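Visitor: One structure coming up, written as structure tokens, with questions to follow.
Please treat every number below as a calculation from the coordinates, not as lab data. Model, not experiment: these values are computed from the prediction. Neighbour counts run over all protein chains shown; Cβ positions are idealised from the backbone, glycine included.
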Amino acid sequence: MEKINTFLENRIVFKVLGPECIEFLNNILTTDLKKLELNVIAPCALLSPQGRILFDMLISVNASNDHNNYPTINIECDKNQINDLIKKINMYNLRKEVEIQSTDYKVFVSNENIETSNTFTDKRFLNKEIRRIYCKDKSILKTIYNRDFYDFLRFKNCILEGPSEIEPNMTLPSEINLDLLGGISFDKGCFIGQEVNARIKWKGLVKKKYVPIKFKNTDLSLLKFDKTKDRRILLNDIEIGEIVSITENTNDNYHYGIAKIKLSQLYLFENDNNLKCDFSHYKVSVIFPKYMLPLPKKI
């Protein structure tokens with residue numbers, strides 16, 4: 001695999017600590033914090049009472065333990081959401097012994113074996129080769145590459161990050177496969193939005209899915225498309241979804257992206273690997289990571 005040493009300038013880390021921090025966070029977040037492993041980072045979300053994602057995040061136990069033997073939880077989120085996320089967490093804190101601290105960590109992604117006290121295996125990538133590093137100094141990585149290849153890996157594995165890809169208060173966890181990536185627990189008991197999502201899961205009520213797509217293209221202007229562009233995806237001239245984000249893999253000159261497509265239409269692609277849809281004037285293939293198959297069926 002090509003080397004990945006990427007600085008994510010749009011990501012930021014803060015800490016939640018104190019004797020009741022795990023109990024408190026477990027009651028509001030989707031992941032079961034009691035099952036977090038050291039040196040492993042897990043996806044997580046804070047939902048609305050209606051079960052929609054307000055904030056997506058990555059969560060981990062700090063390997064260093066210097067706070068009176070109480071656990072310390074790292075929360076990584078989009079830089080533009082941190083103030084609102086902390087405000088929302090504080091709103092739910094009713095007299096729990098919990099403290100929130102900012103950090104000056106920079107967020108790096110690497111597939112090299114770099115050992116630090118804050119190096120975490122990213123469990124969203126099922127091959128376990130992608131690590132996240134929280135540190136203050138860029139010099140820990142000898143060479144910093146651009147983030148295109150990291151985005152390519154995310155999109156290929158259908159891993160979304162931040163409000164530009166996960167529209168706040170609109171997206172269900174099962175639509176972005178948070179349940180399949182270990183980011184939502186239905187066994188730990190109640191959390192905010194749990195009842196709605198449990199009903200959706202057990203009755204098969206999800207109506208759309210985010211899936212990887214790819215297409216051959218030389219028009220690099222597509223990489224900077226904004227919301228005023230036509231993002232519609234068509235099948236036989238019928239709109240079935242829209243593209244959420246795009247990047248390019250320079251190794252094969254394909255564009256890769258994430259698309260939001262109606263589940264009823266995705267069954268057609270599940271049954272026919274050669275089926276293509278249309279975006280602009282390009283023929284687009286839908287790619288299913290193994291963990292997504294078989295697609296859920298309505299009960």
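Visitor: Rounded to the nearest 20 Debye, what is the dipole magnitude of segment 5-158 about its Cα centre when Lys and Arg each give +1 and Asp and Glu each give -1 at the C-beta? Don't skip to the end; give the middle numbers.
Guide: Details: 22 positive and 20 negative charges, 60 e Å.
Magnitude of the dipole: close to 280 debye.
Visitor: Okay, next question. On a full-extension model of 0.36 nm per residue, what is the gain between residue 129 and residue 273, subtracting their alpha-carbon distance, rounded to one decimal in nm?
Guide: Details: separation 144, 0.36 × 144 = 51.84 nm, distance 2.74 nm.
This chain segment gains 49.1 nm when fully extended.
Visitor: Another question, then. For the chain, modelled as a GNM with alpha-carbon contacts under 10 angstrom, which of 11, 154, 95 fluctuates the most?
Guide: 95
Visitor: Under a Cβ-only charge scheme (Lys and Arg +1, Asp and Glu -1), can you give me the dipole magnitude of the chain about the Cα centre, in debye to the nearest 20?
Guide: Charge dipole of the chain: 580 debye, to the nearest 20.
Visitor: With point charges of +1 on the Cβ of Lys and Arg and -1 on the Cβ of Asp and Glu, referenced to the Cα centre of the chain, which listed residue (241, 90, 45) lies farthest in the positive direction of the dipole?
Guide: Among 241, 90, 45, the one farthest towards the positive end of the dipole of the chain is 241.
Visitor: Name the lysines eligible as straight-distance cross-link partners of residue 201: C-alpha to C-alpha under 20 Å, and not fewer than 8 places from it in the same chain.
Guide: 188, 209, 260, 262, 290, 297, 298
Visitor: So what is the 222 nm mean residue ellipticity for the chain from helices alone, if each DSSP H run of at least 4 adds -39500 (n - 2.57) and you divide by all residues, rounding to the nearest 500 deg cm²/dmol? Show your work: numbers first, answer last.
Guide: Values: 5 runs with 45 residues, N = 299.
Rounded to the nearest 500, the figure is -4000 deg cm²/dmol.
Visitor: Moving on. Over the chain, calculate the relative contact order: mean separation of alpha carbon pairs under 8 Å at least 6 apart, over the residue count, as a percent. Walk me through the numbers on the way to the answer.
Guide: Values: 600 pairs, mean separation 59.8, N = 299.
Relative contact order comes out at 20 percent.
Visitor: Next up: Run the quick spin-label model on residue 148 and residue 90: label points 7 Å from Cα toward the beta carbon, then report their separation in nm to one decimal.
Guide: 4.2 nm
Visitor: Going from the alpha-carbon gyration tensor of segment 5-158, what semi-axes, largest first and in whole Å, does one get by taking the root of 5 times each eigenvalue? Walk me through the numbers on the way to the answer.
Guide: On the way: eigenvalues 130, 64, 41 Å².
One finds semi-axes of 26, 18, 14 Å for segment 5-158.
Visitor: Gain in length, residue 20 to residue 115, computed as 0.36 nm per residue apart minus the alpha-carbon separation, to one decimal in nm?
Guide: Numbers: separation 95, 0.36 × 95 = 34.20 nm, distance 2.93 nm.
Gain on extension, residue 20 to residue 115, equals 31.3 nm.
Visitor: Here's something else I'd like to know. Among 128, 209, 201, determine the one that fluctuates most according to a GNM of the chain built with springs between C-alpha atoms less than 10 Å apart.
Guide: 128
Visitor: For segment 42-128, which GluC sites (Glu not before Pro) are in a loop by DSSP, counting at most 16 other Cβ atoms within 10 Å?
Guide: Details: sites: 76, 97, 99, 112, 115; in loops: 97, 112, 115.
Qualifying residues, ordered by number: 97, 112, 115.
Visitor: What FRET efficiency would be calculated for the residue pair residue 138, residue 167, taking the C-beta separation as r and a Förster radius of 35 Å, to the nearest 0.05? Write down the numbers at each step before the final one.
Guide: Numbers: r = 32 Å, r/R0 = 0.91.
The formula returns an efficiency of 0.65 here.
Visitor: Given 0.36 nm per residue, what is the gain on full extension from residue 80 to residue 190 after removing their alpha carbon distance, in nm? Provide the component values of the computation, followed by the final result.
Guide: Values: separation 110, 0.36 × 110 = 39.60 nm, distance 2.82 nm.
Gain on stretching residue 80 to residue 190: 36.8 nm.
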